[in-house]
Structure formats: C-alpha cells, structure tokens
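Some notes on the structure that comes next.
FYI, it's all coordinate maths here, none of it is from the lab. Bear in mind that the values here come from a model prediction, so they are computed numbers and not experimental data. Counting neighbours? That spans all protein chains shown, and the Cβs are built from the backbone with ideal geometry, glycine included.
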Amino acid sequence: MKLSRRTKAIAAAAGAASIALIAAGCSPAADSGEGDGGKIELTVATFNDFGYTDELLQEYMDANPNITVVQNKAATSNDARANYFQKLGKTGLADVEAIEVDWLPEVMQYSDLLAEVPSGTADRWLDWKVQAATDADDRLIGYGTDIGPEGVCYRSDLFAAAGLPTDRESVATLLEGDWAKYFEVGAQYSAATGKAWFDSAGGTYQGMVNQVEAAYEDPDSGEIIATENPDVEDIYNQVLDASAAQSAHLGQWSDDWFAGLSNGAYATMLCPGWMLGVISGNAEGVTTWDVANVFPAGGGNWGGSYLTVPANGEHVEEAQKLADWLTAPEQQIKAFVNAGTFPSQNEAFTDPALTDYTNEYFNNAPVGQIFTDRANAVTVAPFKGEFYFQVNDAMQKALTRVEDGTQDKQASWDQWVSEVEAIG
Amino acid sequence: MTATETDAATGTRTNGTAAPPPRHEPRGIRRLAFSQRLSRWDLKLSPYLYISPFFILFIVTGLFPIAYTAVISFMDWDLVRGTGTFIGFDQYVYVLTQPKFWIALRNTFSIFLLSSVPQLLLAIFIAAMLDQNIRAKTFWRMGVLVPYVMAPVAVALIFSNMFGDKYGLVNTILQDIGLSPVMWHSDAFASHIAIATMVNFRWTGYNTLILLAAMQAIPRDYYEAAAIDGASKLRQFFAITVPSLRPTLIFVIITSTIGGLQIFDEPRMYDQYGTGGADSQWLTITLYLYDIGWGQWNFGRAAALAWILFLIILAIGVVNLLVTRRLVRDEGSTR
C-alpha cells in the first residue's frame, strides 16, 4: 500500500505541523543533563511527529533519574523504513524504534529479532491493534501508539446543491448502511449535479478491502489467494461500477487530487482521523468541509504506528519500560494533544481531553468523540502477510488503469492476475 | 665524506691517493645506488602512488560492491538476516521473463531518444546563435546554464505540476486555445515527452556551452575564406561548423547516452507514487531496479537487474567506441 506510506508523511506533517510548531516554540530546552555517572542513555527513533515532546520525555527522566532519553526523528516514514530494515538484526538501531502499520507486515517476518511485549499489557490496546502485531508464535512485538479510524468527510455546500442534508448528524443517518448504500447516495448526487461523489476508486477500494479479514493471503499458509478471492473481485467490480459516474478519477496524493480538495472536484472522501489535517492544510479557503460519524459497512482503519524494541539492543529491559510508559494511555493522550495522533488505548477513549476535542476547521465538529466511536466500530483486523504490499500496489495500479481509461475493467483485472502470479 | 674519514682511520695516508679509487668506488656506488634506486623508485612508483588514493577508494567503494552485487545476484538474498541461498541464474531468468522489464527497456530508450535528439539539435542551434556577434554575450551564455544549476528534483516537481492531467498549466493552456487536453499520466508516449521535456530543460544549456566552446575554437579564417568564395551563412554552418564539431559531438553524445540510460529522478518524481505509472507507462530500468530493491526488499533480483543494466550499458559503450574510432579516424584524414 504505497499510498498510505506517503499518506502518513503528508498527513502527520500537515496535520500536526501547527501544533508541533507551537509545542516546539514554548518548550524550554529540556535537556538538562547533570553529568552521566552510571546513567543509561536510551534512544527513541520516530518519524513525522509522534507527539513526543521534550517535556514529555523529561517527565520520564525525572521519574527515572538514571535514564536519559534521546529522540531521533526521521523526516518521513519511508526514511525510517529504509533505515529500519538495513539495520535490523545488526547494530545501529535505536533502543526503541517506531514502525508504521504499512510496513508492519514486513516487520512481522522478522518478529524473532524483536523483544516481546511483556504479557499482561496487551489488554491496554484495542483488540485488533494487538492482533495485527502478534506473530504466529503468539508473540506481541509492537506497543501500539496511534490508529487511523475512518469516518466520511464531506462538503456541505455541495451536498446542499444536490438537495442532500448538510448537518453531520443527518449525513450520518443518510449514509448509514453498507457500501451499496454509499454508492446509491452517490448515484443520486451525481445524477443531480453531474459531479463526482468520491475522489478516486483507489482510495475507496482501500477503505473497502480493509474490512476483509483475509483479502490477499491465507493467514495459515501464507499462500497468495488474492486472485481467487471472491470478496476481492466483488469489491473490485463494485467500486469500478460506481466509479464510472461517481469518481473524480483523481489518484490520492496527486497534484490534481490536492487541487480537488479546494475546488470541490468531489463531495465526499473516506477520512481517517489524520486526514483532517491534510484537508485543512491544503484547502484553507474552504469553510464547508465537515466530517460525519459514519462509515459504510461498519468501521475501518487506515494507518497508525507501533513502537518496537530490537532484541539485540544494549538496554532491552529499560527500553521496554520506556516503550511501555510512552504508550500508556496518559502519555498517549498528551501525544494526541501535541500532535493529533489518535490513541489506540481503550482507557484513553474515555478521557475528556479526547472526547471533548473539537476541530474548528470542520465547523467545530466533535472529532474526538466521532473518531472514538469510529475506532470502536472497527471489528476486523485484516490479515496482511509478506506479499500484502506488492499485491495491493498492483491492485491500486489496476484500478488506476481503468480510471484513466488505459484499459477496461476485464483487461485490467487480467493483467493484475498475471502480475500477482509473478509475485513470490 | 665518509670515505675520507675511513681513510684517516686506517692510516693509509701515503698511499691514500693511489689506493682509494678501487675501495672508494664500490662503497661509493653502493651508497649512490641506494639513493639512485630511491629516485628511480620515485620516478617509477610515485605517479602510481599519487593516483592510488583514487583507485583504493574505487576498489573499496566501487569494485567491491560491484563484485558483491554479482554474488548476491545468484542468490535469494535476505537483507535483514544477511543470508541467502544459491539459486543460480533464476533471478536473471525471472527478470528477463518479466514483461515489465521489456517495457522498462522500451521506455528508457524512448525517453533517451526523445530527450537526446531534440536536445542536441537545439543545443547546436542555440550555440550557433550565441557564436554570432550579439550584445551582452556573457549574459546570454550564463542564462542558458541557469536550468542546469537547479536541482533535478525541484525541476521534476515544477514540471510534474505543470503536466497535471486535470488542473495542470499545460492542459489548461491547451484547452484555452481550443485543443483537447493531453493525458500526460496515462498515455505512454505523452508521459515520455513530458519527462524528456524535463531532461531537455536541464541539459540543453549545458550542452550548448560545450558546443559553443568548440565553435569558438574553429579558426575564423575558414569563415573568411568561405565568405570570400561567396558561401552563404547557412552553407558555412553546414560545411565548416558542423564538421569541426564532430569530436565534441561524440563526447556530448556519449555523456548523454550514459545519463539517458540511468534516468531516475525525473520519472521517480513524475507522479505521487514514483513507481512508473499504473500501466508502467514511464517505468525506466533504474526505477524498476529501485522498486525491486527498496520497495520489495528483493536484493537478489535487484542485483541481477543491476548486472543486466551494466551489460546493456557496456554493450552500448562498445558500439559508441567503435563508432567514435571510425569518426575520429575520418577526422584525421580530412584534416
């Protein structure tokens, strides 16, 4: 899923930049090292912005005087990924390394090189968050940080023009149901206005396929089953049938897509929590973007991260304690306030700092509460194995080929099948 | 010096004048021989010593990785665990049987031709113009080099934006003058033109300056003689300027071939994914290599592709060399 790797880079950068700037602006240079006699230095490697400010890390150092924590930030998730795999199993990784769900399937192949999360902590996180980072030997290797529960973002002015309800409660009721319902309203919208309902087949497909438990690979054998999976073919057909009339055909993260955010090229978009920052950052002049507490066919998750502890580090035990502390609900709430990283911890969902959180750009939508509900609606932890990326990447390209008119639906599917067969 | 001292010590003072020569000679020669040998070494070895840092560095950072790549290309390599199993030529077979590889090869050559040919023609034309007596020469000459100074990624970002399918500048202009928009990101040929445009934008000025320098080295007498004989400007250009440019043109063609076959930045930055398009419309060899290596972490396969690319460049290099030799020999005979 190339697209979301990039996604997070842009998302977190845009979404959190403002908050991060403020946070950085008022942080009183917190590195007050008092001589390191017998001190242990722990390094934490993150990317984009995890919301771990100097003050937050200082709190840990104050509570543990024998420990110094140093954070290294990579600019993008891609940089972090390259670094991670070049050094994993060798030397040079930080004591605590952040990873992103997009490359989690790759990390899971090397789960034996990572320290296990001590038992008893697993019930801190949402079930599906834990499940995704648990390997075949039942070892949990990732400390969940944030998640990307999905809602639906929409343009209220475009809804009004099509005679659809505009306030977020009515929109949620309007779209309540399965994907067929979403596309049915879309057909209604497109017929009324002649304009596009959603941004791209690719982005919509991603939301749909993330609800399938084992889309591309057999969880037990690891075999690629994508081409014979009727669910995948159904989704492919359903989204492409709708896209002819309802899609703006703007591939996510393309220049045209960004332009479409502000010029009203599409009326709705599937919207993980971190997407809000992308929208408000790239469509500043638009006042009518809003977000509804609904997602077709239940819940969906897109993106999120974990902390891992390489097993061959020098201070594995101390590193585990630090990772445990950083991903505790109290700290994650602070990180959320700092950088907008939506918590994956059960307890955090009842914290007023989260539930009372509103977003001014989205007409003061109670986004904290909305995405908490969206997170609780997620029921499926899709299995993503070794070849998830390659298969999904080929699928995204297949969808794009149909959208830009290079091939018809059947020819593109056939090419995808032959490409998938060459994988491995 | 030491010889006389020894003489004094042994006390052969009276015979001193007669005796020393035979004793003196071998000893003196031995001493001299060492310094002579040193200076001979100096003469023979120093040049190698002085250039050795480059070659030592090359062996460590160039030759070793190349050889190691060859080893890995015969393996199913796991980067993280640093282990691999020997599988012979399987990786090569896999790469060569991938339709994507042949598409990438086609695209690479297509983009190479679309960029090199117009670029050279344009460079010759601009150089010929700059070779004339024009005002503010230095300004114009520096001006053509400005695009070269820009970072390729920056150029690619700007052009990619201009070549947007829906809201790009180029298509907006096309529609304004009543033409239909070009699908820059779905039509293979259009995408090659767009990428070639970026390459041309960057390299035309550079080649212009090199050609201009060559043009200025042509003796003015030729032109004067031709003018007296009544040759037109155009005739002068084709009969004098172009033939004299041949050695320089060969250099320019070779460098642009090497650059063209390794084109990476521009196609990588051409869309948001950087994987060469949904239907591999602008997938080049290096882009494919990068995706296999750093996208799929399949270093064995990437190494095999790297070697295939190396062999392709080698083959083209040999062809270049043969052609060059022929032309240079011709050059010698005409002069």
message: So if I place +1 on the C-beta of Lys and Arg and -1 on the C-beta of Asp and Glu, and nothing else carries charge, what would the dipole magnitude of region B:94-334 be about its Cα centre? I want it in debye, nearest 20.
response: 420 debye
statement: Everything considered on the Cα gyration tensor (a ≥ b ≥ c; rounded for a/c under 1.5, else prolate if a/b is larger than b/c, else oblate), region A:305-410 must be described as oblate
query: What size of dipole, in debye to the nearest 20, comes out for chain A about its Cα centre when the only charges are +1 on Lys and Arg C-beta atoms and -1 on Asp and Glu C-beta atoms?
result: 1000 debye
- prompt: Which of the lysines could a cross-linker bridge to A:Lys39, judged by Cα under 21 Å and excluding same-chain residues fewer than eight apart?
  reply: A:Lys321
- prompt: Gap in Å between the Cα centre of region A:53-109 and the Cα centre of region B:108-160?
  reply: 45 Å
- request: Output the peptides B:216-225, A:172-181, A:337-346, B:257-266 sorted from most to least packed, where packing is the average of other Cβ atoms within 10 Å over each peptide's residues.
  value: A:337-346, B:257-266, A:172-181, B:216-225
- prompt: Taking the Cα centre of region A:89-180 as origin and charging only Cβ (+1 Lys, Arg; -1 Asp, Glu), how large is the dipole, in debye to the nearest 20?
  reply: 200 debye
Fewest-first ranking of A:Asp393, A:Asp157, using other Cβ atoms within 10 Å as the exposure measure: A:Asp157, A:Asp393
statement: Under the helix-only model (-39500 (n - 2.57) for each DSSP H run of 4 or more, divided by the residues of the protein assembly as shown), the mean residue ellipticity at 222 nm, to 500 deg cm²/dmol, is -18000 deg cm²/dmol
Inter-part distance where region B:71-102 and region B:280-310 are each reduced to a Cα centre, Å: 11 Å
- request: Could you tell me what % of all Cα pairs in region A:137-198 have separations over 19 Å?
  value: 42 percent
field: For region A:312-327 versus region B:161-218, the gap between their alpha-carbon centres in whole angstrom
entry: 53 Å
field: Shielding by partners - mean other protein chain Cβ count within 10 Å, residues of A:208-216
entry: 0
task: With a bin width of 5 angstrom, please list the P(r) values of region B:34-73 as percents of all Cα-Cα pairs, from the 0 bin to the one holding the largest distance.
output: 7, 21, 15, 14, 12, 10, 9, 6, 4, 2, 0
field: Within region A:328-390, GluC sites (Glu not before Pro) in DSSP loop having at most 14 other beta-carbon neighbours inside 10 Å
entry: A:Glu360
- prompt: Averaged across the residues of A:400-406, what count of C-beta atoms belonging to other chains lies within 10 Å of each residue's C-beta?
  reply: 5
Anisotropy class of region B:26-121 from Cα gyration tensor, a/c 1.5 cut: oblate
- line: With R₀ set to 60 angstrom, the calculated FRET efficiency between the beta-carbons of B:Ala33 and B:Thr83, to the nearest 0.05, is 0.60
task: First check a/c for region B:139-182, with a ≥ b ≥ c the square roots of the eigenvalues of its C-alpha gyration tensor; if it is under 1.5, answer rounded, and if not, answer prolate when a/b is larger than b/c or oblate otherwise.
output: oblate
- request: Have a look at B:Tyr290, B:Leu249, B:Gln262 and report the one farthest towards the positive end of the charge dipole of region B:235-295, computed about the Cα centre with Cβ charges (Lys/Arg +1, Asp/Glu -1).
  value: B:Leu249
- line: The answer for trypsin sites (Lys or Arg not before Pro) in region A:317-424 that fall in a DSSP coil and have at most 11 neighbouring Cβ atoms within 10 Å is none
- prompt: Over region B:182-331, what is the mean sequence separation of C-alpha contacts under 8 Å (at least six apart), divided by residue count, expressed as relative contact order in percent?
  reply: 24 percent
task: Extending each Cα 7 Å along its Cβ direction at B:Val149 and A:Glu330, get the distance between those two points in nm, one decimal.
output: 5.7 nm
statement: Computed over chain A, the relative contact order (Cα-Cα under 8 Å, seq sep at least six) in percent reads 26 percent
message: Over chain B, what is the relative contact order in percent, taking alpha-carbon pairs closer than 8 angstrom and at least six residues apart?
response: 25 percent
message: Using just the Cα positions, wrap the protein assembly as shown in a convex hull and report its mean projected area in square nanometres, one decimal place.
response: 52.1 nm²
query: Going toward the positive end of the dipole of chain A, with +1 on Lys and Arg Cβ and -1 on Asp and Glu Cβ, which of A:Val239, A:Ala192, A:Ala311 do you reach last?
result: A:Ala192
query: How crowded by other chains is B:270-280, given as the mean number of beta carbons from other chains within 10 Å of each beta carbon?
result: 6
- prompt: Over 21 Å between Cα atoms, which of A:Lys397/B:Lys166; A:Lys87/A:Lys129; A:Lys129/A:Lys397; A:Lys73/A:Lys334; A:Lys73/A:Lys397 qualify?
  reply: A:Lys87/A:Lys129; A:Lys129/A:Lys397; A:Lys73/A:Lys397
field: Sequence of B:Met129, B:Met162 once ranked by neighbouring C-beta atoms within 10 Å, starting from the fewest
entry: B:Met129, B:Met162
- line: On each of the three principal axes the extent of the alpha-carbon atoms of chain B, given in whole Å and largest first, is 115, 75, 35
task: For an R0 of 22 angstrom, estimate the FRET efficiency from the Cβ-Cβ distance between A:Asp218 and B:Gln296 and round to the nearest 0.05.
output: 0.65
message: Tell me which chymotrypsin sites (Phe, Trp or Tyr not before Pro) from region B:83-116 have a DSSP coil assignment and no more than 11 other beta carbons within 10 Å of their own.
response: B:Phe89
query: Antiparallel as a % of all DSSP beta bridges within the protein assembly as shown, to the nearest 5?
result: 70 percent
query: Tell me, what is a quarter of the convex hull surface for the C-alpha atoms of region A:210-292, in nm² with one decimal?
result: 7.2 nm²
task: Among A:Met275, B:Met150, rank each residue by its count of other Cβ atoms within 10 Å, from fewest to most, as a rough exposure measure.
output: B:Met150, A:Met275
